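Derivation of every value follows stated rules applied to the coordinates shown; laboratory data play no part. The shown structure was predicted, so the numbers you read here are calculated from the model rather than taken from an experiment. Using ideal geometry, Cβ is built from the backbone for each residue, glycine included, and neighbour counts are taken over all protein chains shown.
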Amino acid sequence: MTTKITILCLILLSFGVSCSVATNSYAKVMDPRTLKLNKHQKLTHLHLYWHDTVSGTKPSSVAVLPPRNNATVFGEVNMFDNPLTVGPQLGSELVGRSQGLYAASAQDQFGLLMAMNFAFTDAIYNGSSITVLARNAISDAVREMSIVGGTGHFRFATGYALAKTHYFNPTTFDAIVEYNVYVLHH
Ligand SMILES: *[C@@H]1O[C@H](CO)[C@@H](O)[C@H](O)[C@H]1NC(C)=O
Ligand SMILES: *[C@@H]1O[C@H](CO)[C@@H](O)[C@H](O)[C@H]1NC(C)=O
C-alpha cells in the first residue's frame with residue numbers, strides 16, 4: 001500500500017504537484033523543491049594548489065604510521081592540514097585547507113588512498129567543503145580522483161578532481177600539487 005502511494009506521489013511530483021508521503025515514523029518521501037533541488041545543478045571549476053610540507057620545523061603533513069615495506073612505503077599513513085592556495089606559491093592567496101589523510105595502499109607501486117576534505121574559508125565558499133575519497137597513483141602525470149560529497153555551497157556534490165604534481169623535492173618529499181576540480185552541486 002505504502003509503495004503504491006509513494007509511486008502515486010512520485011507521479012504527482014513529475015507533474016509539478018506537491019506531495020509528501022510518510023513511509024513510516026522516521027522517513028518520508030519529500031518534494032525535492034522543499035530543498036530547492038528543482039533547479040538545474042551547477043557545475044563549478046576550482047583551480048587550486050595543494051601544499052604538502054613534510055620537512056622543517058612546522059610540517060603541515062605528518063607521518064602518523066610507519067611503512068611496512070621500504071620499497072613502496074606500503075602502510076604509511078600521513079595526516080595533513082595543507083594550505084589550498086590560488087597560485088603555486090605558498091604565500092599566494094589562501095582559500096581554504098585540505099584536511100585529511102593519505103595512506104600508501106599499494107604493495108607493488110606508489111599508490112595512495114586519499115581521504116580528505118577541502119574546507120573553504122574564502123568569500124562565498126567560507127564554511128563549505130567538498131570531500132575527496134579516491135585512489136591516487138602518484139607516479140602518473142595526472143591522477144583523477146572522485147568527489148563524493150560536499151556541504152554548504154557544495155551540498156549534494158559529485159564530481160572529479162585532476163591532480164598534477166607541480167613541484168616535488170626528492171630530498172625532503174615536500175610537494176605542491178595542482179588541482180583542477182569539477183564539481184556538480186545544487
Ligand atoms: C626501512 O628502512 C629503515 C632504515 O633503513 C629500517 O630501519 C626499517 O627497518 C625498514 N623497514 C622495513 C619494514 O623493512
Ligand atoms: C568565515 O567564517 C568564519 C566563521 O563564521 C568567520 O569568522 C570568518 O571571518 C569568515 N571569513 C571570511 C573571509 O569571510
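Some values worked out for this structure:
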item	result
Neighbour count of at most 11 Cβ within 10 Å plus DSSP loop: longest chymotrypsin sites (Phe, Trp or Tyr not before Pro)-free window in the chain	27-186
Ordering of 56-67, 130-141 by packing [mean C-beta count within 10 Å, highest first]	130-141, 56-67
Using alpha-carbon coordinates, inclination of helix 2-14 to the longest axis of the chain, degrees	80 degrees
Cα-based Rg of the stretch 48-125 normalised by 2.2 N^0.38 Å, two decimals	1.21
